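A short write-up of the structure that comes next.
The values are calculated or read from the model by the stated rules, or taken from the named source; none is laboratory data. Keep in mind that this is a model prediction, so the values were computed, not measured. We place every Cβ from the backbone using ideal geometry, glycine too, and count neighbours over all the protein chains shown. When the accessible area is computed, the model is the full protein with side chains, heavy atoms only, and any ligands, DNA or RNA have been set aside. Shrake-Rupley method; radii C 1.70, N 1.55, O 1.52, S 1.80 Å.
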Amino acid sequence: MTINATVKGAGFRPASRISSIGVSEILKIGARAGAMKRDGKPVIILGAGEPDFDTPDHIKQAAWEAIQRGETKYTALDGTPELKAAIREKFERENGLAYGLDEITVGTGAKQILFNAMMATVDSGDEVIIPTPYWTSYSDIVQISGGRPVLIACDASSGFRLTAERLEAAITPRTRWVLLNSPSNPSGAAYGAEDYRPLLDVLLRHPHVWLLVDDMYEHIVYDDFRFVTPAQLEPRLNDRTLTVNGVSKAYAMTGWRIGYAGGPRELIKAMAVVQSQSTSCPSSVSQAASVAALNGPQDFLKDRADSFKRRRDLVVAGLNAIDGLDCRIPEGAFYTFSGCAGMLGKVTPNGKTIETDADFCAYLLDDAHVAVVPGSAFGLSPFFRISYATSEAELKEALTRIAAACGRLS
């Protein structure tokens with residue numbers, strides 16, 4: 001009787017591993033903006049991290065045909081042989097990388113690939129170096145895995161890129177991984193061969209440090225930028241490099257939930273152990289669709305990147321025309337990461353002082369009905385992120401509203 005009473009009165013107690021982790025600020029802003037929209041307010045949401053294009057028809061057709069063939073059962077744990085073969089061909093064709101099928105893994109989105117890698121390798125107290133601004137899930141996954149995120153601020157003066165000097169200074173005997181993302185969410189900054197080379201030289205001097213590179217936005221690059229991935233630049237690091245990618249962004253397949261990676265055989269094997277006790281295999285139908293994505297026509301990728309470039313140029317010009325905002329031109333992805341230091345200290349028409357980038361973004365949502373995400377959500381202030389993966393008409397209207405709202409500040 002005493003035991004039952006104690007249990008009944010104990011209440012819910014979350015695990016300590018998630019005590020410092022909350023729901024993504026991006027999701028919170030999106031939920032609030034969505035609620036305002038349902039209430040009839042003309043909200044423009046520029047927070048979504050997904051293309052506004054549809055999945056190409058030949059990919060959808062491949063999924064339908066797989067269903068008709070009855071390919072609706074469990075598959076091999078970390079990817080069908082067909083999809084692994086398509087991924088192997090993709091790495092060879094586009095990146096000059098040669099992986100065996102047992103050096104490739106497939107998961108339910110790239111986020112699961114990252115989670116598997118951290119859970120399979122990070123012990124309590126191990127350190128993972130993450131340049132900021134960064135995709136918010138990186139540090140949370142490290143923390144859930146028991147590791148310690150080591151965040152290194154990389155501001156606009158360095159092109160939002162990590163430098164060799166800062167990397168060298170951050171490495172300790174406890175460093176397990178360095179995590180890089182190019183092109184970057186949220187900044188759109190990308191590492192060319194000349195940017196990667198000094199970092200790879202640092203890693204060569206520290207054989208206990210592994211490199212995880214997130215190449216998800218590989219096909220969304222602009223102007224004369226040439227995409228490269230570290231494993232093709234420095235083969236001597238291949239035995240401790242995990243190259244992560246997926247079909248979500250390039251092929252507009254965010255909801256299909258397929259990510260993949262190539263890396264050392266023993267790492268891939270350890271990651272499969274983690275996956276075996278979480279989701280097991282990815283969706284069979286999504287894997288069939290991904291085979292068609294990787295093996296099928298690729299010409300539309302440039303057309304879509306060109307469309308994003310036009311939107312990028314529109315947004316960058318519009319933001320830089322507003323006094324108090326400073327927007328760097330991104331090399332890739334579909335985000336701008338604009339400085340808003342010039343807005344801090346100003347007062348809204350309602351008498352509220354804007355003290356942080358979060359205050360500024362809240363003001364834009366309330367006053368201009370435009371939803372954007374503060375840089376604080378990505379580990380660097382005072383900035384804000386705009387996703388320009390929406391129509392040019394909406395972007396023009398959003399920029400007009402933002403300019404007007406900024407003009408009402410005193």
note = Picking from 55, 75, the residue that is open to solvent by less than 60 Å² (accessible area, probe 1.4 Å) and either in contact with a His (Cβ under 7 Å, 6 or more places away or on another chain) or farther than 30 Å from residue 336 by Cα (or both) would be 75
query = Applying the selection to region 59-111, what residues are in contact with a Lys or Arg (Cβ under 9 Å, 6 or more places away or on another chain) and free of Cβ contacts under 8 Å to residues at least 24 places away in the same chain?
reply = 98, 101
remark   = Within region 131-169, residues among the hydroxyl-bearing types (Ser, Thr, Tyr), open to solvent by 40 Å² or more (accessible area, probe 1.4 Å) and in a loop (DSSP other than H, G, I, E, B) come out as 163
request  = Identify all residues within region 197-235 that are in a helix (DSSP H, G or I), touching a helix residue (DSSP H, G or I) at 6+ places or on another chain (Cβ under 8 Å) and not charged (D, E, K, R); write none if there are none.
outcome  = 198, 199, 200, 202, 203, 204, 230, 231, 232, 233
request  = Could you tell me whether residue 72 is among the β-branched types (Val, Ile, Thr), modelled with pLDDT of 95 or more and under 27 Å from residue 300 (Cβ atoms)?
outcome  = no
Residue satisfying condition, being in a loop (DSSP other than H, G, I, E, B), over 30 Å from residue 176 (Cβ atoms) and either among the acidic types (Asp, Glu) or touching a strand residue (DSSP E or B) at 6+ places or on another chain (Cβ under 9 Å) (or both), within set 52, 78 = 52
query = Among the residues of region 392-410 satisfying the criterion of being within 21 Å of residue 310 (Cβ to Cβ) and free of Cβ contacts under 8 Å to residues at least 40 places away in the same chain, which is least open to solvent (accessible area, probe 1.4 Å)?
reply = 393
message = So residue 89 passes all but one of these: (1) more than 20 Å from the chain's Cα centre (by Cα); (2) over 19 Å from residue 238 (Cβ atoms); (3) open to solvent by 20 Å² or more (accessible area, probe 1.4 Å). Which condition number does it fail?
response = (2)
query = Filter region 367-410 for residues that are part of a helix (DSSP H, G or I) and either in contact with a Ser or Thr (Cβ under 8 Å, 6 or more places away or on another chain) or at pLDDT below 95 (or both); which is nearest to residue 338 (Cα to Cα)?
reply = 375
message = For region 92-115: of the residues being open to solvent by less than 30 Å² (accessible area, probe 1.4 Å) and under 16 Å from the mean Cα position of the chain (by Cα), which is farthest from residue 259 (Cα to Cα)?
response = 114
task = Report, by residue number, each residue of region 221-270 that is within 21 Å of the chain's Cα centre (by Cα) and polar (S, T, N, Q).
result = 229, 241, 243, 245, 248, 254
task = Being open to solvent by 30 Å² or more (accessible area, probe 1.4 Å), farther than 21 Å from residue 153 by Cα, of a type outside the set (Ser, Thr, Tyr) and in contact (Cβ under 8 Å) with a residue 40 or more places away in the chain is the filter here, so list the residues in region 340-391 that pass it.
result = 346, 347, 349, 367, 369
request  = Give the residue, chosen from 194, 218, that is charged (D, E, K, R) and over 17 Å from the mean Cα position of the chain (by Cα).
outcome  = 194
Condition met for residue 190 (more than 21 Å from residue 115 (Cα to Cα), open to solvent by less than 10 Å² (accessible area, probe 1.4 Å) and either of a type in the set (Gly, Ala, Ser) or at pLDDT 95 or above (or both)) = yes
Top-ranked residue of region 236-284 - restricted to ones that are assigned to a helix (DSSP H, G or I) and β-branched (Val, Ile, Thr), ranked as least open to solvent (accessible area, probe 1.4 Å) = 268
